[in-house]
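A.B. asks: Here it is, the structure, as structure tokens.
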Amino acid sequence: MSRKPIRCLVIQLRSGADLLESLIALKATKQLYPALEISLLCRPEHEELAKQAQWIHSVITLPVSEWLNPGNKSDVESIRKFVPNVAGWLTQLTASPWDLLVNWSFCDSSSFLSALIPAKNRLGYTRRADLDFSSGDGWSQFVHAFVHLDIPQNIHLVDLLTTQLLTALQLSHGDPADAGNQAVTGRGFFTALRTSGDPLLEPGKTWVAAQINPLWSAKQWARFLLLTLERHPETHVVLLGLRQEQELAREITRILNHSGTHEKRILNLTGETDLDLWIDSLSQCTWLVTFQALPAQLASALGTRVLQIGQSHAPNYSTAAYGNGHVLISPTDVSVPLVPEAVYSSWSYAHFEWSHRRNWSFQEHLERLGYQRLSDWLDVRVSKIRPADEGGGLIYTSEFKRPLSNRDWLAIINGQIARLWYCGWTAKEGAEITRDGIGPALLQDLRALDESSSVLLRVCKEAIRCSTELQQRAAQLKSSKVMSVEDRKELHDMGVKILELQKLVDRLASADAHLAGFSTLLKVLMHNLGGEHIAEVSKESLAAWQQIERGIELMRVWMKHTLRLSRPIAVEAAVFQPLP
Amino acid sequence: MTDAQVEALILAFLRSLAEEESDRIASDNSKEEIQE
């Protein structure tokens with residue numbers, strides 16, 4: 001492997017939580033490729049956070065407010081006058097080509113920016129010379145077709161970004177170094193942590209950070225904290241929050257102090273914490289309880305366990321806290337929000353796992369606490385990084401033994417299909433699907449899928465036949481521009497037939513949501529077809545249809561496996577007692 | 001890339017950035033409304 005620095009520019013212009021996910025993926029990659037010299041382009045408000053990661057070579061900010069007049073944003077003429085300013089700012093990025101340019105912003109503006117910066121290799125959204133949108137690499141196409149359209153898939157975004165970057169580096173710079181079992185997240189993530197002076201939080205205690213916000217009332221926060229403080233004398237609580245939450249924090253502490261002698265076990269840092277203190281305090285806590293993605297990702301980067309309270313009945317697990325042992329709870333019905341008792345029971349089950357060792361289930365834990373009625377309104381999922389021989393990657397699994405929802409089943413299958421497409425690896429057939437996870441609603445949908453996917457497979461095979469014919473016919477032409485009228489008509493008819501088959505895929509996907517990912521990805525692949533000549537374009541078109549075909553075939557394998565699992569099992573004869 | 005292509009890319013970049021900023025501000029405002 002080369003020891004020469006690999007100059008890599010990463011563009012991340014989205015939210016702070018997105019920036020943290022990118023940083024976790026970059027740290028994991030840098031451990032395997034120490035020669036990676038990462039420059040990060042981010043929004044000005046995230047500069048301080050990005051600079052906390054001292055293993056980042058340089059942080060560059062996009063001076064958005066200098067270029068855009070807030071009162072007159074869409075006026076073309078007022079925008080045009082800033083073109084020289086942007087050109088001047090760009091010179092720092094265009095002096096010499098980057099070895100690798102990674103655009104993880106996945107947004108329109110960043111695609112233009114990426115096209116303006118010279119690079120030997122490029123990942124993520126960019127633009128062609130004619131300004132047409134382009135996402136050239138497989139994982140970016142998957143993000144475009146699945147992740148951004150909310151088509152269920154269970155690959156965590158950090159794993160997706162890491163795999164995308166590692167694959168590109170492996171192809172261009174050879175195999176990675178052996179990083180052993182070095183942890184990616186933990187106190188060392190941000191090397192600027194305070195190491196001298198008295199610790200902010202008293203050592204030897206179990207500190208639980210509550211990042212308060214008005215999604216719960218002061219009474220609700222106080223109820224959760226009281227349950228924690230009264231039942232677990234070793235726990236202490238630190239309240240974190242923005243300045244506008246100070247009144248809420250005062251009300252919470254007033255209720256807690258009124259309820260007992262907890263004053264010495266509560267530290268209120270609401271509104272007083274700058275980023276350094278957030279990092280310092282979070283890194284000393286055992287848990288963070290929060291509704292929000294940014295603090296959740298910050299805590300997970302620092303190796304602090306996270307209990308994230310979701311508000312949707314189908315939260316996005318692929319952007320939840322990254323690492324082992326995080327908890328994501330959500331309501332089963334959005335009209336019935338989560339109550340403090342639900343959060344307390346989820347936290348206490350996860351926190352004392354070392355003690356009960358899962359000898360009793362979460363359902364039984366609810367019963368012991370007298371909260372069994374909560375189980376109908378609550379979903380609790382815990383994160384786990386799979387072993388390497390199971391494909392690695394983070395997964396959130398439910399604490400309840402409930403039938404898989406259709407969305408969950410599809411997320412598992414689409415995750416496996418992505419691995420097949422972009423890693424060339426699939427899990428053992430049916431992994432993560434068990435007999436007790438199959439309910440009647442899923443079975444009904446899968447029986448319908450059997451028929452619709454079989455039709456889709458036939459459409460795909462026909463498109464592959466047409467594309468092969470088109471490619472062979474185009475290869476026989478002496479010129480792709482000068483040809484006989486008969487040849488032109490023949491090629492035109494073949495092209496029209498392939499387009500009709502693509503429309504048929506759209507219609508099938510509209511009728512069966514399981515197939516939506518194939519339809520959207522086919523559009524993305526067709527949009528990104530490259531090549532100057534008809535023979536090259538038809539070759540790429542053929543490859544696109546073959547990719548879709550491989551995906552459908554894998555989906556059908558897992559569908560049939562799931563249907564087989566649901567069949568009654570023949571009971572062995574030896575079990576029967578003979579009649580007297 | 002020609003100077004004209006660079007200018008076209010920068011202009012397109014600024015226009016889409018302006019749209020995204022406008023959407024971002026609108027979404028932040030609606031979040032505040034929800035919280036209030």
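The values are calculated or read from the model by the stated rules, or taken from the named source; none is laboratory data. A quick note: this is a predicted structure, and the numbers were derived from the prediction, not measured. No Cβ is skipped: glycine too gets one built from the backbone with ideal geometry, and neighbour counts run over all protein chains shown. Only protein heavy atoms, including side chains, enter the accessible area calculation; ligands, DNA and RNA are left aside. Shrake-Rupley method; radii C 1.70, N 1.55, O 1.52, S 1.80 Å.
A.B. asks: Of the conditions (1) at pLDDT below 95; (2) more than 10 Å from every other protein chain (Cβ to nearest Cβ), residue A:82 satisfies every one except a single condition; which number is it?
C.D. replies: Result: residue A:82 passes all but (2).
A.B. asks: Let me ask something else. Given the structure, is residue A:161 surrounded by fewer than 23 Cβ atoms within 10 Å (Cβ to Cβ) and either out of contact with any helix residue (DSSP H, G or I) (no Cβ under 9 Å at 6 or more places or on another chain) or in a helix (DSSP H, G or I) (or both)? Give the steps one after another, and end with the answer.
C.D. replies: Working: surrounded by fewer than 23 Cβ atoms within 10 Å (Cβ to Cβ): no; either out of contact with any helix residue (DSSP H, G or I) (no Cβ under 9 Å at 6 or more places or on another chain) or in a helix (DSSP H, G or I) (or both): yes.
Considered against the rule, which asks whether it is surrounded by fewer than 23 Cβ atoms within 10 Å (Cβ to Cβ) and either out of contact with any helix residue (DSSP H, G or I) (no Cβ under 9 Å at 6 or more places or on another chain) or in a helix (DSSP H, G or I) (or both), residue A:161 comes out as no.
A.B. asks: Among (1) in a helix (DSSP H, G or I); (2) at pLDDT below 95; (3) more than 20 Å from residue A:410 (Cβ to Cβ); (4) not hydrophobic (A, V, I, L, M, F, W, C), there is one condition residue A:564 misses while meeting the rest; what is its number?
C.D. replies: Of the numbered conditions (1) in a helix (DSSP H, G or I); (2) at pLDDT below 95; (3) more than 20 Å from residue A:410 (Cβ to Cβ); (4) not hydrophobic (A, V, I, L, M, F, W, C), the odd one out for residue A:564 is (3).
A.B. asks: Within region A:90-121, how many residues are surrounded by 18 or more Cβ atoms within 10 Å (Cβ to Cβ), in a helix (DSSP H, G or I) and of a type in the set (A, V, I, L, M, F, W, C)?
C.D. replies: Count: 5.
A.B. asks: On to the next question. Looking at this structure, is residue A:86 crowded, with 18+ Cβ neighbours inside 10 Å and closer than 30 Å to residue A:296 by Cα?
C.D. replies: no
A.B. asks: Identify, please: which residue in region A:480-512 is of a type in the set (A, V, I, L, M, F, W, C), open to solvent by 50 Å² or more (accessible area, probe 1.4 Å) and in contact (Cβ under 8 Å) with a residue 12 or more places away in the chain and is, among those, nearest to residue A:459 (Cα to Cα)? Give the derivation first.
C.D. replies: Within region A:480-512, the first condition is being of a type in the set (A, V, I, L, M, F, W, C), and the residues that meet it are A:482-483, A:485, A:491, A:494, A:496, A:498-499, A:501, A:504-505, A:508-509, A:511.
Next cut, open to solvent by 50 Å² or more (accessible area, probe 1.4 Å) only: A:482, A:485, A:496, A:499, A:504, A:511.
Filter once more, so that each one left must be in contact (Cβ under 8 Å) with a residue 12 or more places away in the chain: A:504, A:511.
Values: A:504: 8, A:511: 15 Å.
Filtering first and then ranking leaves A:504.
A.B. asks: Condition first: open to solvent by 40 Å² or more (accessible area, probe 1.4 Å) and of a type in the set (Val, Ile, Thr). Now tell me which residues in region A:253-288 satisfy that.
C.D. replies: Residues satisfying the conditions are A:261, A:286.
A.B. asks: Against the conditions (1) in contact (Cβ under 8 Å) with a residue 24 or more places away in the chain; (2) under 26 Å from residue A:154 (Cα atoms); (3) not in a loop (DSSP other than H, G, I, E, B), where does residue A:389 fall short? Just the number, please.
C.D. replies: (1)
A.B. asks: Among the residues that make up region A:48-68, is at least one of them surrounded by fewer than 14 Cβ atoms within 10 Å (Cβ to Cβ) and touching a Leu at 6+ places or on another chain (Cβ under 6 Å)?
C.D. replies: Looking through region A:48-68, at least one residue is surrounded by fewer than 14 Cβ atoms within 10 Å (Cβ to Cβ) and touching a Leu at 6+ places or on another chain (Cβ under 6 Å).
A.B. asks: While we're looking at this one, here's another question. Pairs only if they're at least six apart or on different chains, beta carbon under 7 angstrom, first in region A:539-550 and closer than 12 Å to residue A:528 by Cα, second assigned to a helix (DSSP H, G or I) and open to solvent by less than 30 Å² (accessible area, probe 1.4 Å); list them, first residue then second.
C.D. replies: From residues that are closer than 12 Å to residue A:528 by Cα, the pairs are A:541/A:467; A:541/A:498; A:544/A:522; A:544/A:525.
A.B. asks: Name the residues in region A:426-440 that are more than 16 Å from residue A:396 (Cα to Cα) and open to solvent by 20 Å² or more (accessible area, probe 1.4 Å), would you?
C.D. replies: Our first condition is that a residue be more than 16 Å from residue A:396 (Cα to Cα); within region A:426-440, this holds for A:426-430, A:435-436, A:438-440.
Correct list: A:426, A:428, A:429, A:435, A:436, A:438, A:440.
A.B. asks: Let me ask you something else. Whether any residue in region A:96-103 is within 13 Å of chain B (Cβ to nearest Cβ), under 26 Å from residue A:170 (Cβ atoms) and in contact (Cβ under 8 Å) with a residue 24 or more places away in the chain is what I want to check.
C.D. replies: Within region A:96-103, the subset within 13 Å of chain B (Cβ to nearest Cβ) is A:97, A:103.
Now drop any that are not under 26 Å from residue A:170 (Cβ atoms), which leaves A:97, A:103.
If we keep only those that are in contact (Cβ under 8 Å) with a residue 24 or more places away in the chain as well, we get A:103.
Looking for residues that are within 13 Å of chain B (Cβ to nearest Cβ), under 26 Å from residue A:170 (Cβ atoms) and in contact (Cβ under 8 Å) with a residue 24 or more places away in the chain, one finds at least one in region A:96-103, hence yes.
A.B. asks: A follow-up question, please. Counting only residues that are surrounded by fewer than 18 Cβ atoms within 10 Å (Cβ to Cβ) and either in contact with a Ser or Thr (Cβ under 7 Å, 6 or more places away or on another chain) or not basic (Lys, Arg) (or both), how many does region A:227-252 have? So that I can check it myself, show each step before the final result.
C.D. replies: So the first thing to find is which residues in region A:227-252 are surrounded by fewer than 18 Cβ atoms within 10 Å (Cβ to Cβ), and the list is A:230-234, A:242-244, A:246-247, A:250-251.
Cutting the leftovers down to either in contact with a Ser or Thr (Cβ under 7 Å, 6 or more places away or on another chain) or not basic (Lys, Arg) (or both) gives us A:230, A:232-234, A:242, A:244, A:246-247, A:251.
Number satisfying all stated conditions: 9.
A.B. asks: Further question on the same structure: Just checking, how many residues over region A:344-364 are under 20 Å from residue A:324 (Cβ atoms), open to solvent by less than 10 Å² (accessible area, probe 1.4 Å) and touching a residue at least 60 places away in the same chain (Cβ under 8 Å)?
C.D. replies: Summing the residues that are under 20 Å from residue A:324 (Cβ atoms), open to solvent by less than 10 Å² (accessible area, probe 1.4 Å) and touching a residue at least 60 places away in the same chain (Cβ under 8 Å) in region A:344-364 gives 2.
A.B. asks: Okay, moving on. Within region A:376-403, track down each residue that is open to solvent by 70 Å² or more (accessible area, probe 1.4 Å), closer than 17 Å to residue A:309 by Cα and either at pLDDT below 90 or of a type in the set (Phe, Trp, Tyr) (or both).
C.D. replies: A:377
A.B. asks: Residue check, residue A:459 against (1) open to solvent by less than 50 Å² (accessible area, probe 1.4 Å); (2) touching a residue at least 60 places away in the same chain (Cβ under 8 Å); (3) over 14 Å from residue A:559 (Cα atoms); (4) among the aliphatic types (A, V, I, L, M), all met but one. Which one?
C.D. replies: That leaves (2) as the condition not met.
A.B. asks: Can I ask one more? Take residue A:367 and decide whether it is part of a loop (DSSP other than H, G, I, E, B), open to solvent by 60 Å² or more (accessible area, probe 1.4 Å) and among the acidic types (Asp, Glu).
C.D. replies: Numbers: part of a loop (DSSP other than H, G, I, E, B): no; open to solvent by 60 Å² or more (accessible area, probe 1.4 Å): yes; among the acidic types (Asp, Glu): yes.
Spelling it out, it is not the case that residue A:367 is part of a loop (DSSP other than H, G, I, E, B), open to solvent by 60 Å² or more (accessible area, probe 1.4 Å) and among the acidic types (Asp, Glu).
A.B. asks: Another question, then. Tell me, which residue of region A:462-479 that is assigned to a helix (DSSP H, G or I) and of a type in the set (Gly, Ala, Ser) is most open to solvent (accessible area, probe 1.4 Å)?
C.D. replies: From region A:462-479, those assigned to a helix (DSSP H, G or I) are A:462-476; that's our starting set.
Next, from what is left, pick out any that are of a type in the set (Gly, Ala, Ser): A:463, A:467, A:474-475.
On the way: A:463: 0, A:467: 0, A:474: 8, A:475: 73 Å².
The extreme case among them is A:475.
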